[in-house]
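Structure first, then comments.
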């Protein structure tokens, strides 16, 4: 770049003059080059295109699943068991199985996760142990889902002799969503202002009383958001339940927590890859129910968080 | 007086209880590794470590069985590399757009979209890959089957995107405003500031985002299993069917006999996966902590 061009670049304050030609390109002695302002426009345009590729897969997935799946979505589809080698009938046992499974999961994961978050934010602010726990949670979040499945198989199904059961599946899923619950709860707890705690402690409350009566209620919407996200994650996962709970075909409902159960994601896997000759609208209908469940929960979580952030009193 | 005493005991017990609870995550991580080792190390009664890692053939049910996971490792690597070559440029550009360029309203929508993309169950993405993407790839390249490494890479690219975007965006947002202001004060445009100041200062966070994206791609199971064709052979290119480490476990564990060599070999693959993702996570965590402006933990 010539010295003059360089100086020119600096002498052109952003959006100052109306010399359009000068703005678009400067064909100086060093050859063709774009003005910083035009470069910026091009760059921002390309960046916005890249961001649109986030929307593309969402639109394709939701679009295809809704268009192909909606015709299958009847009351019978939702309330009947599959029949005729799953070619006929509905998805009722799989739907109920998934609901049981996520209920079990959240009952186990929520207290464990919230207590861990309380330890991290209220009882130990820093120090080596705190760092180790955070690192462990970060790592748990990165363990592949199929490895959780192996772990559940090794520990719950075989070592603890639970067999493939709702209990083993819920425990496996609970460990998988634990990092999510901890992170969300921790964020909610740290967002409660320090002055709230100080005021409570100054009135003579103990640390637990402060946590239980002051900090937790104020962090509740954030914790709730985390719980909903955890449920949605647990509802959609397939790999962890493959060997721990999922039944290929079980037209009745599970009777106890030691029973096997069908589950929506595994059912979708089975009918779309394991059994030939299932009509596309049956598969897409199953995918639609699963996707609908998961996305509704996520949208609810996003909205709760958004409203809570706007309404914050401090 | 007495009430105060019981109160103190209660407080002490609760505190202990919470401490124990806080330790569960460390305990669980250890337990996962322990159980993988417990079930997986038996595999090396039937095969040597070298034959396992570098063996060219995965024939787990032939007689004698061959447990070479090199084709599976290469399959995972190929699909992951393909996915990242799509999702890294797109993901980082999107992160820069969300963090630095987009107006507040657009930003909220895009962040919600990133979250929704991450929320779509992998089985549903796999289903779409199977019914929409695979047939179009088969037609586009006139292949005998649309279930190829390329199909897997495209599918995976979109699944790794949310991880890359959200973490890179965090890193960019964490760059202190003073850096940008100093750059503007020198007369730089917004774009010049982004690529000469903001992005370079967020490099470590962006690298961490890429690493976690790799971890996500290697660990992904169901979608990849459905669209890559599941051929456990040394991959020759993007247009051939391949099989990944994760897919092998998910596809074969159901058919194994408990405590058979095959069963233990699948757990041994689990060890390999756990170690890879563990190293990636530790690396990413230590890089994130070095990021300027990050909450030092």
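What follows is calculated from the coordinates using simple rules that are stated; it is not laboratory data. This structure is a prediction, so every number in the text was calculated from the model and none was measured. No Cβ is skipped: glycine too gets one built from the backbone with ideal geometry, and neighbour counts run over all protein chains shown.
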In whole percent, the Cα-Cα distances of the protein assembly as shown spread across 20 Å bins from 0 upward as 18, 49, 27, 6, 0
The Cα extents of the stretch B:24-101 along the principal axes, largest first and rounded to whole Å, are 60, 37, 19
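I need to check one value: relative contact order of chain A, counting alpha carbon pairs closer than 8 Å and at least 6 residues apart, in percent. Don't skip to the end; give the middle numbers.
Values: 389 pairs, mean separation 73.8, N = 314.
With pairs under 8 Å counted, the relative contact order is 24 percent.
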What is the Cα convex hull volume of the stretch B:2-45 when expressed per residue in Å³?
49
If you take each beta carbon of peptide B:262-271 and count the beta carbons of other chains within 10 angstrom, what is the mean?
3
In whole Å, what is the distance between the alpha-carbon centres of the stretch B:229-267 and the stretch A:203-273?
29
Counting partner chain Cβ atoms within 10 Å of every residue's Cβ in A:60-67, what's the average?
4
Report the label-to-label distance for residue B:136 and residue B:6 in nanometres (one decimal), using points 7 Å from each Cα along the Cα→Cβ vector.
6.9
What whole number of Å gives the distance from the Cα centroid of the stretch B:51-90 to the Cα centroid of the stretch B:193-217?
27
Using only atoms on other chains, find how many Cβ atoms lie within 10 Å of each Cβ of peptide A:238-250 and report the average.
3
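For a footprinting-style exposure proxy, rank A:96, A:294, A:270 by other Cβ within 10 Å, fewest first.
Listing A:96, A:294, A:270 from fewest to most nearby Cβ atoms yields A:96, A:270, A:294.
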Dividing the Cα radius of gyration by the Kirkwood radius, what Rg/Rh value follows for the stretch A:233-304?
1.01
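Using only C-alpha positions, report the orientation-averaged shadow area of the convex hull of the stretch B:1-160, nm², one decimal. Please list the in-between numbers first.
Details: hull surface 74.8 nm².
Across all orientations, the stretch B:1-160 yields a mean hull projection of 18.7 nm².
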Under a point spin-label approximation (7 Å from Cα along Cα-to-Cβ), what is the residue A:129-residue A:99 distance to one decimal in nm?
4.2
In terms of the ratio Rg/(2.2 N^0.38 Å) built on C-alpha atoms, what value belongs to chain A?
1.38
Who wins for biggest fluctuation among A:264, A:129, A:171 in a Gaussian network model of chain A, springs between alpha carbons below 10 Å?
A:129
Quick one: give the max-minus-min coordinate of the C-alpha atoms of the stretch B:146-231 along each principal axis, largest first, in Å.
58, 20, 13
Which of B:30, B:129, B:152 ends up with the largest GNM mean-square fluctuation for chain B, with Cα atoms connected below 10 Å?
B:30
Residue B:17 to residue B:195: FRET efficiency via 1/(1 + (r/R0)^6), r the Cβ-Cβ distance, R0 56 Å, to the nearest 0.05?
0.65
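How much length would be gained if the chain were fully extended between residue A:56 and residue A:307, taking 0.36 nm per residue of separation minus their Cα-Cα distance, in nm to one decimal?
On the way: separation 251, 0.36 × 251 = 90.36 nm, distance 2.68 nm.
Between residue A:56 and residue A:307, full extension yields an extra 87.7 nm.
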Provide the gained length on full extension for the span residue A:198 to residue A:300, in nm with one decimal, where the gain is 0.36 nm per separating residue minus the Cα-Cα distance.
33.4 nm
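Where does each of B:4, B:10, A:282, B:111 land when they are ranked from fewest to most other beta-carbon atoms within 10 angstrom?
Details: B:4 8, B:10 13, A:282 22, B:111 18.
Final ranking by Cβ density, sparse to dense: B:4, B:10, B:111, A:282.
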What is the packing order of peptides B:173-184, A:237-248, taking the mean over residues of other C-beta atoms within 10 Å and listing the highest first?
A:237-248, B:173-184
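At a temperature of 25 °C and a viscosity of 0.890 mPa s, determine how fast chain B diffuses translationally according to Stokes-Einstein, using the Kirkwood radius over alpha-carbon pairs as Rh; express D in µm²/s, rounded to the nearest whole number.
Numbers: Rh = 21.9 Å.
The estimated diffusion coefficient comes to 112 µm²/s.
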D_trans [Stokes-Einstein, Kirkwood Rh over alpha-carbon pairs] for the stretch B:212-296, 20 °C, 1.002 mPa s, µm² s⁻¹
144
Distance between the stretch A:88-163 and the stretch B:27-41 - C-alpha centres, whole angstrom:
15
Approximate spin-label separation residue B:109-residue A:80, in nm, with each point projected 7 Å along Cα-to-Cβ
4.2
Working only with C-alpha atoms, what are the Rg and Dmax values of the stretch A:140-190, expressed in angstrom?
12.8, 40
Normalised radius of gyration for the stretch A:29-154, please: alpha carbon Rg relative to 2.2 N^0.38 Å, two decimal places.
1.84
Largest fluctuation, B:15, B:39, B:169 only, Gaussian network model of chain B with Cα springs under 10 angstrom, belongs to B:15
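Taking the beta-carbon count within 10 Å as an exposure proxy, list B:35, B:274 from fewest neighbours to most. Each step should come with its number before you reach the end.
Details: B:35 21, B:274 24.
Least crowded to most crowded, the residues run B:35, B:274.
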